[in-house]
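Undergrad: The structure that follows is given in the form of structure tokens.
The values are calculated or read from the model by the stated rules, or taken from the named source; none is laboratory data. Because the structure is predicted, anything quoted here is derived from the model rather than measured. Don't worry about glycine lacking a Cβ; one is built from the backbone with ideal geometry, like all the others, and counts go over all protein chains shown. Surface areas here come from the heavy atoms of the whole protein model, side chains and all, with no ligands, DNA or RNA. Shrake-Rupley method; radii C 1.70, N 1.55, O 1.52, S 1.80 Å.
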Amino acid sequence: MSGMQSPATTTPLTFAVIGCGARARAYMELAMQQPELHRITAVADPVAARSGFIASLEQRGGVKSFEYGEELLAGPKLADVALISTQDRDHFGQARMALESGYDVLLEKPAAGSIEEVAELSRLASALNRKVILCFVLRYTPFYKKVKEVVDSGRLGEILDIQMVEGVEPWHFAHSFVRGHWAKSADSTPLMVAKCCHDTDIMSWLVGSRCTSLSSSGETGYFNLAHAPANAPQRCTDGCEHSQQCPYDARRYASDKREPWLPQIMPAPQEATAEEVLDWVAGHQWGRCVFRCDNDAPDHQNTSMTFESGVTASLLLTAFDAGRRINIRGTKAHLQGGLHIDGVPYKLCIRDHFTGDTDILSIDDGSGQSGYESHGGGDQGLVQTLYPTFKETGAIECRASLLKDSIEGHRIAFASEVARLTGQTVHLTQTSK
């Protein structure tokens with residue numbers, strides 16, 4: 001891992017990892033590139049193959065293993081930091097337990113299942129003098145750092161309007177939000193919270209003031225029974241006459257969609273044959289026809305916001321685009337660009353209103369980011385800040401995503417779901433603290 005110097009004294013920052021899925025794996029693989037700074041001392045996951053993999057990253061051994069996070073947290077303190085990357089509905093209870101047990105917390109987004117729980121975690125961390133860092137990795141991407149730099153420089157003039165698009169990509173949406181863990185809000189969190197609190201956090205970070213009101217609309221417009229092909233069975237593995245034409249054929253988990261999707265859901269998929277993969281898919285939720293699931297997550301949703309500063313903004317979440325796009329209009333110039341759009345890692349340019357000149361900005365993307373392109377280097381950027389943040393040995397960039405300073409994005413995301421369901425404008429200054 002480049003760009004970070006080892007401190008004079010190298011007492012490693014120790015981690016108890018609770019929830020050993022894809023997110024924990026990404027963070028810990030990066031952290032363990034510098035074992036002099038980081039150490040894994042405990043893991044917890046009901047799937048032994050997942051916790052075993054995380055434990056194997058610690059070459060010094062001595063990792064204690066548990067089936068559930070609550071079991072780990074109920075015993076003696078085993079690490080400096082509890083990394084909590086379980087399912088959304090478990091975040092609040094486990095983070096609260098970790099704080100009360102003496103841990104600082106590295107918490108996967110969203111922080112909790114309601115804005116009230118988010119605020120309660122922040123109050124508890126403050127009362128106990130502990131840190132909770134949210135994994136808002138987009139703040140640490142070279143792309144959004146550059147956007148923030150341009151906004152703060154005044155080059156665009158007074159900011160009047162921001163438009164953002166989060167394109168989930170059709171297969172990703174079907175995998176996670178139609179067939180997957182986040183398909184039903186009651187089982188996790190609303191889609192705007194689960195997927196887009198990243199983006200609402202970036203929005204509030206760029207604007208620098210509170211959102212005062214918002215409206216939102218969206219629905220499950222495509223992934224529903226009305227779009228099921230004639231005679232399509234309940235499961236792709238039951239034999240579907242449309243499989244050759246259907247881009248969502250679940251049998252693709254055994255072929256071209258094996259990576260990176262299968263390791264996120266199937267224990268120990270690396271050694272599995274194609275036949276074994278299909279047998280597994282046939283017995284699990286990812287084998288279902290995408291038009292015959294019990295999902296309620298909207299596949300498109302648009303949220304319009306007004307901020308105290310007078311900035312107006314919109315965020316479009318859609319299954320049918322890929323990457324993140326942004327437009328910022330100021331009184332002097334217009335910034336536009338995107339992260340992982342149109343087949344390129346990033347685009348960013350500024351057009352001056354008065355001269356018509358267009359400046360294409362270069363972005364220093366650092367190095368060593370191979371394999372983490374989906375977050376544009378943000379995973380690496382976050383991990384690089386953990387030692388100085390939790391050990392307080394240097395500049396603490398990561399404090400940008402301390403929970404107490406990152407509540408606004410959650411407020412917007414939760415309120416947008418209220419607005420979508422009620423069809424009414426939500427006035428946040430009246431309904432949220």
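Undergrad: Would you please name the residue that is nearest to D45 (Cα to Cα), looking only at residues in the range 245-270 that are among the polar types (S, T, N, Q) and in a loop (DSSP other than H, G, I, E, B)?
TA: First pass over the range 245-270, keeping only residues among the polar types (S, T, N, Q): 245, 255, 264, 270.
Then keep just the ones that are in a loop (DSSP other than H, G, I, E, B); that gives 245, 255, 270.
Working: Q245: 38, S255: 28, Q270: 19 Å.
Step by step, filter the range 245-270, then rank; the result is Q270.
Undergrad: R25 passes all but one of (1) part of a helix (DSSP H, G or I); (2) crowded, with 21+ Cβ neighbours inside 10 Å; which number fails?
TA: Of (1) part of a helix (DSSP H, G or I); (2) crowded, with 21+ Cβ neighbours inside 10 Å, only one is false for R25: (2).
Undergrad: Report the residue count in the range 252-270 for those that are aromatic (F, W, Y) and surrounded by fewer than 17 Cβ atoms within 10 Å (Cβ to Cβ). Reasoning before the result, please.
TA: First pass over the range 252-270, keeping only residues aromatic (F, W, Y): 253, 261.
Still in the list and also surrounded by fewer than 17 Cβ atoms within 10 Å (Cβ to Cβ): none.
Of the residues in the range 252-270, 0 are aromatic (F, W, Y) and surrounded by fewer than 17 Cβ atoms within 10 Å (Cβ to Cβ).
Undergrad: Cβ-Cβ under 7 Å, sequence separation 6+ or interchain: first residue in the range 285-311 and farther than 17 Å from P190 by Cβ and among the acidic types (D, E), partner assigned to a loop (DSSP other than H, G, I, E, B) and open to solvent by 10 Å² or more (accessible area, probe 1.4 Å). Which pairs?
TA: What qualifies is E308/S209; E308/R210.
Undergrad: Identify the residue in the range 53-66 that is farther than 10 Å from A42 by Cα and under 24 Å from the mean Cα position of the chain (by Cα) and, among all such residues, is surrounded by the fewest Cβ atoms within 10 Å (Cβ to Cβ).
TA: Selected residue: L57.
Undergrad: Hey, another quick one. Go through the range 114-131 residue by residue and tally those that are open to solvent by 40 Å² or more (accessible area, probe 1.4 Å), in a loop (DSSP other than H, G, I, E, B) and within 24 Å of A194 (Cβ to Cβ).
TA: The total comes to 0.
Undergrad: Can you spot a residue in the range 267-284 that is within 18 Å of F173 (Cα to Cα) and touching a residue at least 60 places away in the same chain (Cβ under 8 Å)?
TA: No: zero hits.
Undergrad: Looking only at the range 205-237, which residues are at pLDDT 95 or above, more than 16 Å from Q301 (Cα to Cα) and outside any loop (DSSP other than H, G, I, E, B)?
TA: L206, V207, C211, T212, S213, L225, A226, H227, R235, C236
Undergrad: I would also like to ask the following. Hey, can you tell me all the residues within the range 271-320 that are basic (K, R) and either in a strand (DSSP E or B) or surrounded by fewer than 14 Cβ atoms within 10 Å (Cβ to Cβ) (or both)?
TA: Of all residues in the range 271-320, those basic (K, R) come to 288, 292.
Hit for the range 271-320 is R288, nothing else.
Undergrad: May I ask you to say which residue of G93, G75, G69, G102 is small (G, A, S), open to solvent by less than 10 Å² (accessible area, probe 1.4 Å) and modelled with pLDDT of 95 or more? Outline the logic, then answer.
TA: Numbers: G93 fails: open to solvent by less than 10 Å² (accessible area, probe 1.4 Å); G75 fails: open to solvent by less than 10 Å² (accessible area, probe 1.4 Å); G102 fails: open to solvent by less than 10 Å² (accessible area, probe 1.4 Å).
The match here is G69.
Undergrad: Counting just the residues of the range 155-176 that are of a type in the set (V, I, T) and surrounded by 20 or more Cβ atoms within 10 Å (Cβ to Cβ), which one comes out farthest from G338 (Cα to Cα)?
TA: If we filter the range 155-176 for residues that are of a type in the set (V, I, T), which is where we start, we get 159, 162, 165, 168.
In the following step, the residues that additionally are surrounded by 20 or more Cβ atoms within 10 Å (Cβ to Cβ) were identified as 159, 162, 168.
Numbers: I159: 18, I162: 13, V168: 13 Å.
Applying the filter and picking the extreme gives I159.
Undergrad: Can you find a residue in the range 178-185 that is open to solvent by less than 30 Å² (accessible area, probe 1.4 Å), of a type outside the set (A, V, I, L, M, F, W, C) and more than 17 Å from the chain's Cα centre (by Cα)?
TA: Yes, that holds for at least one residue.
Undergrad: Across the range 367-410, which residue is modelled with the highest pLDDT among those that are open to solvent by 30 Å² or more (accessible area, probe 1.4 Å) and over 21 Å from the mean Cα position of the chain (by Cα)?
TA: K391
Undergrad: Next question. Please give the number of the condition H242 fails out of (1) crowded, with 17+ Cβ neighbours inside 10 Å; (2) more than 21 Å from V168 (Cβ to Cβ).
TA: For H242, the failing item is (1).
Undergrad: Where residues in the range 133-147 are within 16 Å of the chain's Cα centre (by Cα) and aliphatic (A, V, I, L, M), which of them is surrounded by the most Cβ atoms within 10 Å (Cβ to Cβ)?
TA: By that ranking, first place goes to L134.
Undergrad: Okay, next question. So A186 passes all but one of these: (1) outside any strand (DSSP E or B); (2) of a type in the set (A, V, I, L, M, F, W, C); (3) at pLDDT 95 or above. Which condition number does it fail?
TA: Status for A186: all satisfied but (3).
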